[in-house]
Amino acid sequence: MKTELTYSEAYAKLEDLVEQLEDGGIQLDQLAEKVKQANELIAICENKLRTIEREVKDASEKV
């Protein structure tokens, strides 16, 4: 997995994984790896959102 994904890229990949899980498109042998990938993508999204929130807060305090 690319180490520096944008929020949009990570979210799109996460949506794809969720869709595969819901459709039953993931074989049992791959399930653990897909869940691990999903957790990594969630962490990326959360970190990006925290960074954006901090930047917006910092910018609004300077005004």
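Each value in this text was obtained by applying a stated rule to the coordinates, not by laboratory testing. Every value quoted in this text rests on a predicted model; they were computed, and no experiment measured them. Please note: Cβ atoms are built from the backbone with ideal geometry, for glycine as well, and neighbour counts cover all protein chains shown.
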Hey, Val63 hits all of (1) over 11 Å from the mean Cα position of the chain (by Cα); (2) surrounded by 11 or more Cβ atoms within 10 Å (Cβ to Cβ) but one; which does it fall short on? (2)
Within region 10-29, can one find any residue that is surrounded by fewer than 12 Cβ atoms within 10 Å (Cβ to Cβ), among the polar types (S, T, N, Q), outside any helix (DSSP H, G or I) and at negative phi? yes
